[in-house]
Amino acid sequence: MSLPLFLVPDLPVGDHWRLDGPEGHHAANVQRLSPGEALLLCDGRGGLRQAVVAAAHKGALDLDLGELKQVPAPDPRITVVQGIAKGERAELAVQLMTELGVDRIVPWQAARSIARWKDAKPVERWRSTVREAVKQSRRAWLPEVTDARTTKQLSLTGTVLLLHEEASEPLSTVPLDGDITLVVGPEGGIAPEELAAFPDAVPVRLGPEVLRTSTAGAAALAALSVRLGRW
């Protein structure tokens, strides 16, 4: 069984350290880790350090620190421009994409997005979802979640792939060069004027089925991970 992972701002130095705060509470009070059990500390920037519980307290663990490892950043990087969906579908999309290897998520206030973000609370929920998914999947790199952007505010770079149900080219055969930006529309799909706003994007499809916005990005990431040798 893989070791539980806890996110910290910076990896501790030395031989001994106390894990407290929200992560210490979760480790000691929720997961109830006890002396002798091992865990991983992660800084979200590729740094991992193994540790063993020396003593357990209410809301904190005293740790004996072990091996330090640096995991290289994924190359090429994959950004997903995710059309904002309503309710739990949006957070499900973010969770699945994080588990499947996305490196950066851009919330997109698309023309056909039903949900309209009026403050920063939704993007903070996305960031919280990403943190929990990183811990669950034991990822060494924490994906960035940018502030929400409109179509005019988007800056698409690298190989830009646009998931579209009417595309003729499958994702499995399109040429890939450098970093990848994947555009996923909201529940209502991508509007014609938005297609025109992305002249350099290559429309692609995953197969004959039409996937929900909550699963399309994850399915595309799985296919790209195979093609890029990540899996």
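Things worth noting here:
- Within region 13-37, the set of residues being surrounded by 13 or more Cβ atoms within 10 Å (Cβ to Cβ) and either under 14 Å from Lys69 (Cβ atoms) or of a type in the set (Lys, Arg) (or both) comprises Arg18 only.
- Checklist (1) under 22 Å from the mean Cα position of the chain (by Cα); (2) closer than 25 Å to Lys86 by Cβ applied to Phe198, failing item: (1)
- Residue pairs whose Cβ atoms lie under 6 Å apart, sitting 6 or more positions apart in sequence or on different chains, and linking a residue in region 205-231 that is touching a residue at least 40 places away in the same chain (Cβ under 8 Å) to a partner that is acidic (Asp, Glu), are Val210/Glu165; Thr213/Glu187.
- Annotation: Glu124 fulfils all but one of (1) surrounded by fewer than 17 Cβ atoms within 10 Å (Cβ to Cβ); (2) touching a residue at least 60 places away in the same chain (Cβ under 8 Å); the unmet one is (2).
- Residue in region 40-63 that is polar (S, T, N, Q) and under 30 Å from Leu195 (Cα atoms) present: no
- All conditions but one from (1) in contact with a helix residue (DSSP H, G or I) (Cβ under 7 Å, 6 or more places away or on another chain); (2) modelled with pLDDT of 95 or more apply to Asp62; the one that does not is (1).
- Entry remark, region 4-23: residues being over 14 Å from Gln50 (Cβ atoms), in contact (Cβ under 8 Å) with a residue 40 or more places away in the chain and under 19 Å from the mean Cα position of the chain (by Cα) number 1 in total.
- Residue check for Ser34: small (Gly, Ala, Ser), at pLDDT 95 or above and under 30 Å from Thr150 (Cα atoms): no
- Taking (1) at negative phi; (2) not in a strand (DSSP E or B) in turn, Val53 satisfies each apart from (2).
- The set of residues in region 202-230 that are farther than 17 Å from Arg77 by Cα, more than 15 Å from the chain's Cα centre (by Cα) and not basic (Lys, Arg) comprises Val202, Pro203, Val204, Leu206, Gly207, Pro208, Glu209, Val210, Leu211, Thr213.
- Count of region 124-171 residues which are in a helix (DSSP H, G or I), among the basic types (Lys, Arg) and closer than 20 Å to Arg230 by Cα: 1
- Selection from region 1-46 of residues that are in a helix (DSSP H, G or I) and under 18 Å from Ser128 (Cα atoms): Gly21, Pro22, Glu23, Gly24, His25, His26, Ala27, Val30
- Residue in region 91-104 that is out of contact with any helix residue (DSSP H, G or I) (no Cβ under 8 Å at 6 or more places or on another chain), surrounded by fewer than 16 Cβ atoms within 10 Å (Cβ to Cβ) and of a type outside the set (Lys, Arg) present: no
- Taken together, Gly66, Gly101 contain a single residue that is on the phi > 0 side of the Ramachandran plot and either part of a loop (DSSP other than H, G, I, E, B) or not assigned by TED's automatic domain parsing to the domain that holds Leu221 (or both), which is Gly101.
The values are calculated or read from the model by the stated rules, or taken from the named source; none is laboratory data. Bear in mind that the values here come from a model prediction, so they are computed numbers and not experimental data. Don't worry about glycine lacking a Cβ; one is built from the backbone with ideal geometry, like all the others, and counts go over all protein chains shown.
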